[in-house]
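A quick write-up on the structure given underneath.
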Amino acid sequence: MRRRRRGAPGSRAIALSLPSAAFPAVSAPPRRPYAWAWLFALSQIGGILIGLSLGWRWGLPLILGAQALSFWATLWPQSRLLSPVLVRMRVHQHLVWLTIDDGPSDDTPALLDLLDRYDAKACFFLVGERAAARPALVREIVRRGHEIGNHSQSHPEKWFWALPPRAMRAQVAQAQQVLGELAGQPPRWFRAVVGMANPFVAAALQPLGLTRVAWSARGFDAREADPERVVARIARGLRPGAIVLLHEGAPHGRSVAVVAAVLDHLTQAGYRCVLPLQQARAEIVPQAAADAAGVTATP
Ligand SMILES: [Zn+2]
């Protein structure tokens, strides 16, 4: 990310004290969580009015089309229709954001050692109930310099996409409280269970300042136990700034071997695993210091 801002007095302080505002490219909590509801209501009312005035062969497709679009947006993890979502980091260098879902688990200690060996940083998207049962692991993740994200309180994988507003708020807010207390600061990122974000996710994220994070490279490793196949699938989505989705504690019991193979492949392909805010700070803060000293930015 290149910044051409120059000469703004105090810009360094702003970059350090207001990370959400200073790094819009990597942090985007929902601003209008009910915009979809207005558009949806308009489409349905418009469909009825058109149906009554011009005939139902025109009105009905509009009504059903809007409903189908909302359903697709719920099931498609990368859809921005119902809420903003990060799909990749805006960088040009060979950097990726490694994200590991579903912990903490029996795999967490081995994963932390593995990440240290590769000098890699990751974001662990944790489940609130699992974190409360293993608080020491949460603290260890943070102590080793990794980040934690919110992955719901109980991980209701069959019904998350259909949760009503109140249950959705509870899933997000309870996990946020548990994880914030254990980690010392509340998570900034949220990953929907199975990636599906229904129309009520944005309203649950907004008051907590959470940004929804999807992915751009995945290997279906929650079910796939063969490290080579997982690597081959992830390699297809590998680009500068890719968000890589991995899991821990998978029922097949090979999550650590899978993550090891992925780290090996990333290293061989010349990629480094970084955390997006750390990367943004590393690039923006020196530039802000240069601005304060009156040094021209390198475009
Ligand atoms: Zn999950």
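Where a number appears in this text, it was derived from the coordinates with a stated rule and is not lab data. Fair warning: this is a prediction, and the values are worked out from it, not measured in the lab. Every residue, glycine as well, gets a Cβ built from its backbone with ideal geometry; the counts of neighbours run over all protein chains shown.
For segment 35-75, max minus min Cα coordinate along each principal axis, in Å, sorted largest first?
Projected onto its principal axes, the Cα set of segment 35-75 covers 32, 18, 6 Å.
Give the order of Asp116, Asp107 when sorted by the count of other beta carbons within 10 angstrom, beginning with the fewest.
Result, fewest neighbours first: Asp116, Asp107.
Going through segment 90-146, which chymotrypsin sites (Phe, Trp or Tyr not before Pro) have at most 15 other Cβ atoms within 10 Å and a DSSP loop state?
none
Between His94 and Asp264, what length in nm is gained on full extension when 0.36 nm per residue of separation is reduced by their alpha carbon distance?
Between His94 and Asp264, full extension yields 59.7 nm more.
How much length is gained on full extension from Arg139 to Ile48, taking 0.36 nm per residue of separation minus their Cα-Cα distance?
Contour length minus Cα-Cα distance gives 27.3 nm.
Hey, fewest Cβ within 10 Å first, where do Arg31, Arg229 land in order?
Ascending Cβ contact count within 10 Å gives the list Arg31, Arg229.
Rounded to the nearest 20 Debye, what is the dipole magnitude of segment 39-139 about its Cα centre when Lys and Arg each give +1 and Asp and Glu each give -1 at the C-beta?
Using only the charged Cβ atoms, the result is roughly 480 debye.
Using Stokes-Einstein with the Kirkwood hydrodynamic radius over Cα pairs, what translational diffusion coefficient do you get for segment 47-106 at 4 °C and a viscosity of 1.567 mPa s, in µm²/s rounded to a whole number?
For these conditions, the coefficient is 84 µm²/s.
Applying 1/(1 + (r/R0)^6) with R0 = 22 Å to the Cβ-Cβ distance of Leu60 and Tyr34, what FRET efficiency is obtained, to the nearest 0.05?
Approximately 0.30, to the nearest 0.05.
Give me the base-10 log of I(q)/I(0) for segment 95-279 at each q in 0.15 Å⁻¹, Debye formula, one uniform scatterer per Cα, rounded to two decimals.
For the requested q values the scattering log ratios are -0.82.
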